[in-house]
Amino acid sequence: MAAAVGSLRFRLTKRFGTKTVLDDFALEVRGRELITLLGPSGCGKSTALNLLAGLLEPTAGEIWLDETRIDALPPERRGFGMVFQNYALFPHLTVRDNVAFGLELRRRPRAEIGERVGRMLDLVQLGGFESRFPSQLSGGQQQRVAIARALVIEPRVLLLDEPLSNLDAKLRLEMRAEIKRLHADLGLTAIYVTHDQAEALSLSDRVVVLRDGRAMQTGTPADIHDRPGNLFVADFMGYRNLLPVTVTAVEPDGRVLAEAAGLTLHGRATGPLAVGRSAVAAVRPEDLVATDEPAGVNILRGCVRLTEYLGREHDLEVALASGLILRARVATPVGVGATVSLRVAPERVVMLAAEDSAPP
Amino acid sequence: MKALFVLPSVIYLLIMFVYPFGYGIFASLHPKSGGFSVANYAAFLLDPWQARTLWVTASIAVPITVLTVLLAVVVAYTMRRGIRFERAVTTALVLPIALGTVLVAEGINGFYGPKGWFNQLLLVAGVAEPSRLTHNYTGVMIALFVQHFPFCFLMLLGYISGVDPTLEQSARVLGARPWAVFRRVLWPLIAPGVAVAFALVFVMNFGVFPSAVLVGQPAGATRTVAIAAYQAAFEHYDMPMASAIAVVMGGCQLAGLAVILFLRQRMPATGVATVGAGKR
């Protein structure tokens, strides 16, 4: 299949009445890149996708595909492929006719349509299902048809709107790998919308974290995961412990020393921090390790209030002397009421500027 | 035990439907002249003045059903995602159902009659000889449209707005212009529903009686089957004959239903779960 390369540049604002859903959101998607728009519901990620597809009209802004401005084109003339959360298969058409739909509209010769549909169904491992109707397929199979239908027209850009969120956990992992494989094989430019951070990390070349219609951080999955630029991204990416601290020193190598009631924490900054200012130390539960030392730098000691068995590990809710609640994930079981010491490596503590508004 | 719960509805059906229907057929086969014969049917179908009522009824019922359903599809389609002042518009459209046939007929006589507002307006607009719109074929067509459009519209709005909007969106993205979306996606999905609406409106139109009398020309152009049956029963006091006419009328309605349901069976989306719970 001739690989379709499209680079996409856009800057978009969308208001519904007085509510701003997308606030001057700008992005450049390189050819063959898979970029994820990640954020909680209501952050504007699906709106962005619908604007790109032409299903909504932007309040302001422009969209450029390679060297052509396309924001005035109706959806049918953009040449995009789109995969919907609920699959949106045509229930009155067979699998074959669903996949052939876009090619028929393009008036391709019958023989070519048959050949391309067959090849695409083989690619998504649905050979032999041509005559079935969507209602006769499982959720995973329906999603494969939806992907085949979007890909068979060789779209310049593929848009995916939470394509895995209606699938059960096991199938979701399988389809995630499948999408990754298809993207690698076909060399597509793709924009993937999800609220699932694991999906975003595993699939993407780059991730954009959105909040209230604005990009909070754009970067590689490792950037977003290890170096969150602000409290919102840290919170969203699983830094469940956000400890208020005061910065005591910022060293030239980026190390930050901070203190809170009874605590001394060393960490690293992802942005500028000033000595004497309040900050937040972000720590993932899984980066806390049980230790014997009762006190010291980066040692947190408290009383276990709640434990949750997770199979391989145990989630602990630990009340520190200062009253702060800490969440930790440890390998060995600890009883409720026990006192534990937990240590976190300085490179695992992210020091972030405190925000005026509390994280959601 | 469970069968007992069905009993009330079975009794109701027997008393209110099966018995009168069976009695009608039985009566129609026992002409006034005595004996057991199909003489009533022969008399009705062989008398040109009587048999003509079938043609008259069909020539009213078929075109007005087509027109009503067509317009209802168009209006419901444009309103499928909601419009401004929707509640007011829907109320206005549905009002005729609540008013009843006679009041609507009086209204039509008043508005479209020779001295009615409609003709007055035409006169003001400079139309020298406004056409006659009531007490003829046109009058009945108007009355039937006003009565049955709301019903048909509401039914189709339910079907059309129940179709998942992402189906239209995905068709657009795949390259379909709005008309192609309608023809290839929306129409096939709602066609079984449209067939049901068509069948019901057709049956109601074929049985037209009050409108044919009140705004039609019951002695001539709009002498429908129902009027013929009425005259047999209450002007000639020939119940068996009236029954025979009623049975013929019922047969025509059933034949119409059969044709429509046969066509519906052959539609690709029949039996496919496509339609959700209705509007939003």
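Taken together, the values in this text are just the output of simple stated rules run on the coordinates, not laboratory data. All values reported here derive from a predicted model rather than from experimental measurement. Quick reminder, even Gly has a Cβ in these numbers, built from the backbone with ideal geometry, and neighbours come from all protein chains shown.
Observations, loosely collected:
- Shape of the range B:48-265, Cα gyration tensor, a/c cut at 1.5: oblate
- Shielding score for B:160-167, defined as the mean number of other chain Cβ atoms within 10 Å: 3
- For peptide B:179-186, the mean count of partner chain Cβ atoms within 10 Å of a residue's Cβ comes to 2.
- Test item: Cα-centred dipole of the protein assembly as shown, Lys/Arg +1 and Asp/Glu -1 on Cβ, debye: 1320
- Note, ³J(HN,Hα) from phi for the range A:134-145, Karplus 6.51, -1.76, 1.60, rounded to Hz, x at Gly and Pro: x, 5, 9, 10, 6, x, x, 5, 4, 5, 5, 4
- The ranking of A:Thr332, B:Thr65 by Cβ neighbour count inside 10 Å, starting from the fewest, reads A:Thr332, B:Thr65.
- Close amide H pairs (under 5 Å, H built 1.01 Å from N) link B:His135 with B:Gly216, residues at least 5 positions away or on another chain.
- Whole-Å distance, taken between Cα centres, linking the range B:207-243 and the range A:1-66: 66
- Peptide-level mean, for A:79-88, of C-beta atoms on other protein chains within 10 Å: 4
- The count of lysine pairs in the protein assembly as shown with alpha-carbon distances below 30 Å, taking only pairs 8 or more places apart or on different chains, stands at 8.
- Chain A - mean residue ellipticity at 222 nm from DSSP helices (-39,500 (n - 2.57) per run, n ≥ 4, rounded to 500): -7000 deg cm²/dmol
- Here the relative contact order of the range B:48-265, from alpha carbon pairs under 8 Å that lie six or more residues apart, stands at 30 percent.
- Amide H contacts of A:Val21 (H built 1.01 Å from N, under 5 Å, at least 5 apart or other chain): A:Lys14, A:Arg15, A:Phe16
- Applying 1/(1 + (r/R0)^6) with r as the Cβ-Cβ distance of A:Asp223 and B:Thr91 and R0 = 60 angstrom yields a FRET efficiency of 0.60.
- Cα centroid separation, the range B:128-188 to the range A:295-355 (Å): 64
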